[in-house]
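Only the coordinates and a few stated rules stand behind these numbers; no lab work does. Quick caveat: nothing in here was measured; it's all calculated off a predicted structure. So basically every Cβ, Gly included, is an ideal-geometry build from the backbone, and we count neighbours across all protein chains shown.
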């Protein structure tokens with residue numbers, strides 16, 4: 001290897017390491033912010049308020065679907081754009097489409113806020129806060145997802161680390177605002193969601209400001225958007241939205257099944273497991289986030305060897321890291337929960353080892369998901385995600401409602417559905433698609449069809 005090649009490889013490694021560190025830090029800040037906020041709610045307002053805010057925040061996550069899956073589609077389109085004008089057109093079209101998504105998300109949040117109290121059978125003392133929580137958590141999610149468009153611009157320009165630092169600042173600001181929120185009065189619980197919305201608006205403003213400085217202010221001129229290209233982005237993103245809907249069919253729907261069948265106390269026991277699950281998934285999601293723009297570039301160049309390296313090493317690394325982290329969490333679960341939530345939770349400790357099983361299996365498949373998106377196989381990804389999610393819901397209803405396995409039944413359902421999709425289908429599909437790309441590279445006039 002020549003000295004110039006060594007320098008290039010070293011610089012690429014340094015950039016990869018920097019992006020990984022910043023992404024891990026941003027993910028940890030997001031998980032840590034919710035962990036601190038939820039602990040404050042539990043300690044100061046009790047289990048009922050804790051269970052309510054956990055359920056509503058989880059359900060309000062539906063607003064993420066209003067992002068219309070545009071950011072991953074943008075990364076692929078930007079990787080194929082060969083001129084500055086083409087890049088700016090992709091950005092303009094994406095902002096125009098994302099504006100539609102923001103409007104849809106805001107309307108969904110308003111409707112959820114109107115009916116949240118009745119939907120969740122909220123006790124009278126905190127009934128009035130359910131609507132406020134639903135509305136502002138929904139708006140916070142909608143605005144944050146809208147700002148994923150300028151975030152994609154930064155990622156495509158190698159500025160992922162800047163975007164991650166802005167996200168860290170937003171999550172830290174939310175934690176600080178909640179910490180200093182007065183906890184007396186009827187509106188105390190609702191202020192948690194209001195501050196989340198405020199910090200999301202500030203994050204969106206910062207992302208658009210930095211992106212327009214890098215790409216040019218013309219990305220905001222949505223009147224120049226092309227309808228045909230917007231439709232193309234929306235179709236691609238639509239499949240990603242379908243795959244994201246499947247995420248709702250896991251933890252958020254599991255919360256609802258537990259709430260309806262076992263009550264809010266069991267939701268409160270299940271929630272710490274989900275937060276620990278989310279904390280461990282940071283270890284895999286960070287790798288997947290960093291590899292997505294790189295995989296999109298490799299796919300545009302038809303570099304099958306590099307894609308295979310990304311997939312195999314990324315998957316093996318996340319599998320090893322998640323396995324070790326899960327064992328540590330299970331071993332130290334009791335002192336961790338007491339330190340974190342200030343109480344011993346026997347039900348949580350009982351189901352935690354089982355939850356860690358699907359955490360490791362599902363988390364290790366995150367790199368494969370990024371590979372399929374980068375390769376344009378979003379239709380297959382969406383179909384597998386929907387089938388797996390529906391199986392999870394049906395199995396959970398069977399185990400809890402019919403077989404009366406209690407909260408354990410929900411966890412068993414997730415292990416089975418996640419295992420079938422991530423252990424068997426995902427590796428086969430990724431490696432098969434990379435093989436098709438390699439074959440197509442030898443025949444430039446042909447392209448592989450979506451299967």
### Task
Enumerate the residues in segment 80-115 having an amide nitrogen under 15 Å from the point lying 7 Å beyond the Cα of residue 201 toward its Cβ.
106
#### Entry: Contour minus Cα-Cα distance for residue 334 and residue 232 (0.36 nm per residue)
31.7 nm
#### Entry: Burial order of peptide ranges 94-104, 279-289 (average beta-carbon count within 10 Å, highest first)
279-289, 94-104
### Query
For the residues 414, 232, what sequence is obtained by ranking on other C-beta atoms within 10 Å, fewest first?
232, 414
### Query
What do you get for Rg/Rh over segment 249-451 if you use C-alpha atoms and the Kirkwood form of Rh?
1.05
### Exposure proxy order (Cβ contacts within 10 Å, fewest to most) of 425, 174, 260
260, 425, 174
#### Entry: Which of 144, 87 has the fewest Cβ neighbours within 10 Å, and the rest in rising order
87, 144
### Task
For the chain, would you read off the P(r) tail past 37 Å as a percentage of all alpha carbon pairs?
24 percent
### Message
Give me the extension gain from residue 424 to residue 357: residue separation times 0.36 nm, minus the current Cα-Cα distance, reported in nm with one decimal.
### Response
22.6 nm
## Note on the structure
The simple spin-label model distance between residue 221 and residue 83, using points 7 Å out along Cα→Cβ, in nm, is 1.5 nm
### Task
Using per-residue counts of other Cβ atoms within 10 Å, averaged over each peptide, order 233-239, 133-139 from highest down.
133-139, 233-239
